[in-house]
Amino acid sequence: ILFFGILIIITLIIKSLLTIICWYLIYNFSWGVVVKLKTKLIDLYKNYNYELYIKKSSSQYIQYIAELTNNFNKLVLVSIFKLTSDLFITVCIAAFLAYTDLKLFLTLLIVFSLVTLLMFSTVKERIVSYSKEIQFNSIKVLTEINNLFKGYKEIKIYDKGEFFKSKIIDGSNQHAKY
């Protein structure tokens, strides 16, 4: 029983490490997709001719680039990948643990639940700090997107589209770090 208890604890630690690695890979991939989507949309919109450009308000272009790409990431990509990876890892390990020793499995489930709650309460400040950074970078990106479309004529005349594009992409990359 002691051997199985140690084996279960090691398995749960490995599960936690795999989950952290999966989350990192998921977020890294999904924010990379968002940056590519924003880049493609900016390239598309800045190459519109003026007649096509004025058919929509600049707020629609801003919404498409800023909000919809982020929503796609949060609501679709990240959710699907996290759910799939977490379910797979959890079900495999839970089945193995329940099969080997049900009492120990239930005891460890309670202990790890308590540890998770304790960990969340200690990491809460860091989460708030990251949230503020994300908000700051989102405002920065929105401001640059707004500048891109409010100064459409000037940007076309002075050929400054790449300047604004690079500022938006840099802000999006900063946003992706958090």
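The values are calculated or read from the model by the stated rules, or taken from the named source; none is laboratory data. Not measured: the values here are computed from a predicted model. Note that we place each Cβ from the backbone using ideal geometry, even for glycine, and neighbour counts take in every protein chain shown. The protein model used for the area step is the full one, side chains on, heavy atoms only, and it has no ligands, DNA or RNA in it. Shrake-Rupley method; radii C 1.70, N 1.55, O 1.52, S 1.80 Å.
Observations on the model:
- Filtered residues of the stretch 155-178 (kept if loosely packed, with under 11 Cβ neighbours inside 10 Å and either closer than 16 Å to Tyr61 by Cβ or of a type in the set (Ser, Thr, Tyr) (or both)): Tyr158
- Of the residues in the stretch 79-88, not one is among the acidic types (Asp, Glu), open to solvent by less than 80 Å² (accessible area, probe 1.4 Å) and over 16 Å from the mean Cα position of the chain (by Cα).
- Pair list, Cβ under 8 Å, 6 or more apart: the stretch 47-68 residue on the phi < 0 side of the Ramachandran plot, other residue exposed (fewer than 11 other Cβ atoms within 10 Å of the Cβ) and assigned to a helix (DSSP H, G or I): Tyr50/Lys153
- Looking at Leu102, Leu106, Leu97, just one residue is among the hydrophobic types (A, V, I, L, M, F, W, C), in contact (Cβ under 8 Å) with a residue 12 or more places away in the chain and closer than 15 Å to Ile9 by Cα, and that residue is Leu97.
- A residue that is assigned to a helix (DSSP H, G or I) and over 27 Å from Cys22 (Cβ atoms) occurs somewhere in the stretch 121-137.
- Verdict on Glu125 being of a type in the set (Asp, Glu) and either surrounded by fewer than 11 Cβ atoms within 10 Å (Cβ to Cβ) or farther than 30 Å from Thr39 by Cβ (or both): yes
- Search result, residues across the stretch 96-114 that are under 17 Å from Thr19 (Cα atoms) and surrounded by fewer than 11 Cβ atoms within 10 Å (Cβ to Cβ): Ser113
- Applying the condition of being open to solvent by less than 90 Å² (accessible area, probe 1.4 Å) and aromatic (Phe, Trp, Tyr) to the stretch 1-33 and asking which residue is nearest to Phe72 (Cα to Cα) yields Trp31.
- Failed criterion for Leu142 (all others in (1) open to solvent by 60 Å² or more (accessible area, probe 1.4 Å); (2) over 30 Å from Ile6 (Cβ atoms); (3) without any contact (Cβ under 8 Å) to a residue 40 or more places away in the chain; (4) in contact with a helix residue (DSSP H, G or I) (Cβ under 9 Å, 6 or more places away or on another chain) hold): (3)
- Residue in the stretch 34-59 that is most open to solvent (accessible area, probe 1.4 Å), counting only those that are hydroxyl-bearing (Ser, Thr, Tyr), part of a helix (DSSP H, G or I) and over 16 Å from Ser166 (Cβ atoms): Tyr50
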